[in-house]
1. If you add up the charges near residue 198, with Lys and Arg at +1 and Asp and Glu at -1, over every other residue whose beta carbon is less than 14 angstrom from its beta carbon, what do you get?
2. Divide, for the chain, the radius of gyration over alpha carbons by 2.2 N^0.38 Å, where N is the residue count.
3. With r defined as the distance between the Cβ atoms of residue 79 and residue 104 and R0 fixed at 45 Å, what FRET efficiency is calculated, to the nearest 0.05?
4. Sum -39500 (n - 2.57) across every DSSP H segment of at least 4 residues in the chain, then divide by the residue count to get the 222 nm mean residue ellipticity, nearest 500.
5. Give, rounded to the nearest 20 debye, the magnitude of the charge dipole that the range 60-203 has about its Cα centre when Lys and Arg contribute +1 at Cβ and Asp and Glu contribute -1 at Cβ.
6. Would you tally the net charge around residue 210, using a Cβ to Cβ cut-off of less than 12 Å, leaving residue 210 out, and scoring K and R as +1, D and E as -1?
7. Pick from 13, 119, 79 the residue whose mean-square fluctuation is largest in a GNM of the chain, springs joining Cα atoms under 10 Å.
8. Where does the charge balance sit around residue 83 when Lys and Arg score +1, Asp and Glu -1, over other residues with C-beta under 14 Å from its C-beta?
Amino acid sequence: MHVLFACPHNNPADWLPGLTAELPDCKISVWDPAGPPSGADVALVWKPPAALIEHETRLKALFNLGAGVDALLQMNLPAHIQIVRLEDAGMAVQMAEYALYALLRAARGFGRYEDDQAASRWAPQPGLRREQWPVGVLGLGEMGGRVAQAIAAFDYPVLGWSRSPRTVEGIQTYAGAEQLPEFLRRTRVLVNVLPLTPETTGLLDREFLSQLLPGGHLINVGRGGHLNEPDLLALLDEGKIDGATLDVFDVEPLPAGHPFWTHPRVHVTPHIAASTLRSEAISQIAAKIRRLARGEPISGVVAPQRGY
Ligand code: NDP
Ligand code: OXD
């Protein structure tokens, strides 16, 4: 098996030693767009340029160095190339941590205490009643399932929504378009951990967000393309949504002068909710490459027609 490292934004020197150690029987090389095609069978990629596919015509599989494969699917790859995504690989616990942080900051009013300290103001708020802060998690996969369970462990009421029916202990689950209105009607804090697909693009718009309980808060860690940004700004300004914690944006990096940077009720982070961890990613991908080399099936293969 010939494995190509084709991530122009990552330093190959950080990745090659680990890959070589895990895959001693494989040839491992770094993509050189200016050189002749390498003839590699599989490549490790993150948002690769289209030139990779035109250049490396023998590739049969792309191993994505992330969970979300929207950028790869938008490339309309030839049908014979499999896309394999990272499955958790140490990201789900980070996602749970982030969602919990954003929830606690909103529900416990920690953002307000930061403002109070800046003004040397001692202003304790009344104690929290968790039943007033039901949390709805959009997407119950690797990330969403872990998020839902982490929040439930803190005794918040938790609801979850997925495409197909799911059972998650301690979570009230909903599935499909039919059950969505009920899910939204019972949700105050909405955590979006969906993949970006044709079905989910633009889902978080005025009509959708207006169905949340009063005092709603949006935590978006899925993709910027899920959210209608002008609709959210309007709902915040009309007082129909209380606040938002946003990690992903339509345009990244978030452009200078974007209203989210300075909005008093928007908390911005730079797409760091769950970072790819190198050694975990290498171990998972290498284990799958070894299976492929033995002709065995692997998990995490993306279904292009489904979009994730
Ligand atoms: P999974 O594929 O494991 O889970 C996806 C979940 O979304 C599943 O529960 C699936 O339903 C549900 N879903 C998909 N389409 C729909 C739909 N149309 N309606 C309702 N539910 C739907 O993905 P992961 O949990 O691993 O990752 C989710 C996303 O998180 C990634 O695609 C990426 O965009 C984002 N992400 C963001 C990061 C960040 O740092 N901000 C880091 C990592 C990921 P079903 O269970 O029925 O299949
Ligand atoms: C991912 C991401 O999809 O980092 O893994 O956003």
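The values are calculated or read from the model by the stated rules, or taken from the named source; none is laboratory data. Just so it is clear, the model here is predicted, and its values are computed rather than measured. Backbone-built Cβ (ideal geometry, glycine too); neighbour counts: all protein chains shown. Note: areas computed on protein heavy atoms with side chains; ligands, DNA, RNA excluded. Shrake-Rupley method; radii C 1.70, N 1.55, O 1.52, S 1.80 Å.
1. +1
2. This ratio for the chain stands at 1.09.
3. 0.50
4. -9000 deg cm²/dmol
5. Dipole size: approximately 200 debye.
6. Value of the local net charge: -1.
7. Largest GNM mean-square fluctuation: 119.
8. Overall, the nearby charge balance is +3.
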